[in-house]
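Here's the structure, in structure tokens; my notes come after.
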Amino acid sequence: MKQEELNFEKDQFAQTMIPGKFAKSMRTCVLWQLIRFAILNVKMIIVVQKSH
Amino acid sequence: MARLVVLGGGVAGHTTATFAAKWLGSEHEVVVVTPNAKWNWIPSNIWVGVGQMSKEEVTFDLAPVYAKAGITYKQAKAVSLNPEGNESSDKAFVSIEFTEAGREGQTEEIEYDYIVNATGPKLNFGATPGLGEGSQLGEHTVSVCTADHAVHASKKLEEAIEKMKAGTRQKFLIGTGHGMCTCQGAAFEYMFNIEHELNKAGVRDMADMKWISNESFMGDFGMGGLHMKVGGYVVNSKLFAESLFAERNVSWLIGAHTNKVENGKVGYELLDGTMGEEEFDFAMLIPPFAGVGLKAYAKDGSDITSTVFAPNGFMKVDGDYTPKKYAEWKAADWPKTYQNPTYKNMFAAGIAFAPPHIISRPMSSPNGTPINPTPPRTGMPSGIIGKAVAHSVTDLILKGENAHLHEAPMTKMGAACVASAGKGIFDGTAAAMTVFPVVPDYETYPGTGRDTDYTFGEIGLAGHWIKHVLHYLFIYKAKLNPGWTLIPE
Ligand SMILES: Cc1cc2nc3c(=O)[nH]c(=O)nc-3n(C[C@H](O)[C@H](O)[C@H](O)COP(=O)(O)OP(=O)(O)OC[C@H]3O[C@@H](n4cnc5c(N)ncnc54)[C@H](O)[C@@H]3O)c2cc1C
């Protein structure tokens, strides 16, 4: 059984969402995360500018 | 020459003092009174608590920085305020007690023209029997609220890992140590960083991990939760938070007021009134926050503490403190200028100001025990408020007492939060979130109370890189290195 399905066995976890292998691997995929890094920085700078 | 006294050299106070000193120049004096010799980038204490950073990496000496900025530095704690002076003088003053090595216990009265209270929180461990005494951490649990606490926590974690390697299961209990805590985010980060380290050490399967929190739902974070954009959807932070816990096999106990801590065991009361106990081998429970307990006296020596401070010890500012029902709470209740309504030369910044009410929905158990998070005032709002107050005081000094005051209401201010879920240049992750505004405004943003175009979250390595860059950036800025004013709060 896949790890995420194993965790769903617990009552408390049954009604949430758990990422699968692909979603998890994208979190530490350096190329994709470099893109996200740029996007997140822009988004955060906008919020910071709106707040000052 | 005017004198501004800033109480507290943390995120808010340091921002106020350094900007005011820059804008006022050498014709006016800025004095900082703070008991700490070192400045601490508190968010990185999480990494100290898991042995991934040293105390030296998250702190630096304040004295040379203040000398460079032309700020008079008193390593002391403020004890009381006399905003009307005393019987022999009309001049307002603050009484301080030195903490500097060799001068401990000596006192001094410092006269001021303007004063900013940025004393942050008292870590009120004493509020829960067994969690500690007053602001001192007890012997049963660990903390990451100060760099020294985090060093101690890291040693205890190392011991727990050794036990697991030797074949003894360990139960980790992380969360809040009282029904009225805030700062769940820090506990959340610590929980996930421990989980990350246990995986790296190859002992995750020997650990049972549990979250205990006063939030009535996962992802409340003292902000009543938030709706944020994740992967094209607008989702409630409940789903986001529960998912992160379920993925890591960390179970949760919420709506819990921790009412007792003993060796290896906490007692709690839940929102439905049930009492229970939870055992642990390693526990990090955030204490509730209170004001640091400053007193205030009128000219004739009478105690006016309740005029200047709210019952929780935080300073009253220009918020609307009239008790109201939850349904009547409005964004307009929140302070804008952080000026004390009674003494106009007095301001509060950061955690030290009294919020008009909590942000989360108020809750209590059938026994009448309040169990709800209190409002967070994270680093970014604390810094922005500190800067706005510095601006106001500078204008009052340079342009006269009718100068326009600068505003920084938390209802018109966002916050960028990066919550670490594990450190590592290629395998680290962090939840990068922004929320706008911090305090929901249902009149401007009917529905979720916030602007979902600017309220988003995602977890990944990019978030970790941002957190790591921010660590160096904010320490660089706090040291007043070249270009420091260009780095936003
Ligand atoms: C473990 C942890 C992790 C965190 N992580 C994050 C994060 O990732 N992002 C984020 O935005 N926020 C984070 N926060 C919150 C952030 O640290 C606070 O919002 C911020 O420090 C508040 O600034 P402040 O100046 O009000 O208080 P502080 O920074 O606490 O400063 C208060 C200062 O006042 C001094 N003081 C105390 N008593 C007196 C007295 N009697 N007289 C004079 N001075 C006094 C103290 O010594 C201290 O220097 C975290 C907090 C913790 C505990």
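The values are calculated or read from the model by the stated rules, or taken from the named source; none is laboratory data. Computed from a predicted model, the values in this text were never measured in an experiment. Using ideal geometry, Cβ is built from the backbone for each residue, glycine included, and neighbour counts are taken over all protein chains shown. With ligands, DNA and RNA removed, areas are computed over all heavy atoms of the protein, side chains included. Shrake-Rupley method; radii C 1.70, N 1.55, O 1.52, S 1.80 Å.
Looking at the stretch B:234-262, which of the residues that are within 7 Å of chain A (Cβ to nearest Cβ) and among the acidic types (Asp, Glu) is nearest to B:VAL438 (Cα to Cα)?
So, considering only residues that are within 7 Å of chain A (Cβ to nearest Cβ) and among the acidic types (Asp, Glu), the one nearest to B:VAL438 (Cα to Cα) is B:GLU242.
Which numbered condition trips up B:SER216, out of (1) assigned to a loop (DSSP other than H, G, I, E, B); (2) in contact with a Pro (Cβ under 7 Å, 6 or more places away or on another chain); (3) modelled with pLDDT of 95 or more?
(2)
Rundown of residues vs (1) over 23 Å from B:LYS387 (Cβ atoms); (2) open to solvent by 20 Å² or more (accessible area, probe 1.4 Å); (3) in a loop (DSSP other than H, G, I, E, B), yes/no style:
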| residue | (1), (2), (3) |
| --- | --- |
| B:GLY9 | no, no, yes |
| B:TRP23 | no, yes, no |
| B:PHE60 | no, no, no |
| B:TYR66 | no, no, no |
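Yes/no per residue for (1) of a type in the set (A, V, I, L, M, F, W, C); (2) within 23 Å of B:ALA290 (Cα to Cα):
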position: B:LYS163; (1), (2): no, no
position: B:THR168; (1), (2): no, no
position: B:PHE172; (1), (2): yes, no
position: B:CYS181; (1), (2): yes, yes
position: B:ALA187; (1), (2): yes, yes
position: B:ALA201; (1), (2): yes, no
position: B:ILE212; (1), (2): yes, yes
position: B:HIS227; (1), (2): no, no
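When residues of the stretch B:371-387 are filtered for being over 11 Å from B:ALA415 (Cα atoms), part of a helix (DSSP H, G or I) and of a type in the set (A, V, I, L, M), how many remain?
The total comes to 1.
From the list B:VAL393, B:VAL469, B:VAL439, B:VAL418, exactly one residue is of a type in the set (Val, Ile, Thr) and part of a strand (DSSP E or B). Which is it? Give the steps one after another, and end with the answer.
On the way: B:VAL393 fails: part of a strand (DSSP E or B); B:VAL469 fails: part of a strand (DSSP E or B); B:VAL439 fails: part of a strand (DSSP E or B).
Just a single option satisfies the conditions, and that option is B:VAL418.
Going through the stretch B:194-240 one residue at a time, which ones are of a type outside the set (A, V, I, L, M, F, W, C), open to solvent by less than 10 Å² (accessible area, probe 1.4 Å) and under 20 Å from B:ALA283 (Cβ atoms)? Talk me through it step by step, then tell me what you get.
Pass one, the stretch B:194-240, residues of a type outside the set (A, V, I, L, M, F, W, C): B:195-197, B:199-200, B:202, B:204-205, B:208, B:210, B:213-216, B:219-220, B:222, B:224-225, B:227, B:229, B:231-233, B:236-238.
With the extra rule that they be open to solvent by less than 10 Å² (accessible area, probe 1.4 Å), the set shrinks to B:213-215, B:219-220, B:222, B:225, B:237.
Answer for the stretch B:194-240, where residues must be of a type outside the set (A, V, I, L, M, F, W, C), open to solvent by less than 10 Å² (accessible area, probe 1.4 Å) and under 20 Å from B:ALA283 (Cβ atoms): B:SER213, B:ASN214, B:GLU215.
Cβ-Cβ distance below 7 Å, separation of 6 or more or different chains: which pairs start in the stretch B:346-372 with a residue that is more than 14 Å from chain A (Cβ to nearest Cβ) and aliphatic (A, V, I, L, M) and end on one that is open to solvent by 60 Å² or more (accessible area, probe 1.4 Å) and within 16 Å of the ligand (Cβ to nearest atom)?
B:ALA354/B:ASN312
Only one of these conditions is not met by B:HIS149: (1) away from chain A (no Cβ under 14 Å); (2) more than 16 Å from the ligand (Cβ to nearest atom). Which number is it?
The single condition B:HIS149 does not satisfy is (2).
From the list B:MET433, B:MET410, exactly one residue is outside any helix (DSSP H, G or I), at pLDDT below 95 and either within 13 Å of chain A (Cβ to nearest Cβ) or over 30 Å from B:ARG248 (Cβ atoms) (or both). Which is it? Break it down into steps so the answer makes sense when it comes.
Numbers: B:MET410 fails: at pLDDT below 95.
B:MET433 is the lone residue from the list that is outside any helix (DSSP H, G or I), at pLDDT below 95 and either within 13 Å of chain A (Cβ to nearest Cβ) or over 30 Å from B:ARG248 (Cβ atoms) (or both).
Filtering the stretch B:25-52 down to residues that are open to solvent by 40 Å² or more (accessible area, probe 1.4 Å) and near the ligand (Cβ under 8 Å from one of its atoms), which residue is farthest from the other protein chains (Cβ to nearest Cβ)?
Among them, the one singled out is B:PRO35.
Checking B:PRO446 against (1) part of a loop (DSSP other than H, G, I, E, B); (2) more than 9 Å from chain A (Cβ to nearest Cβ); (3) open to solvent by less than 50 Å² (accessible area, probe 1.4 Å): exactly one of these is not met. Which one?
Unmet condition: (3).
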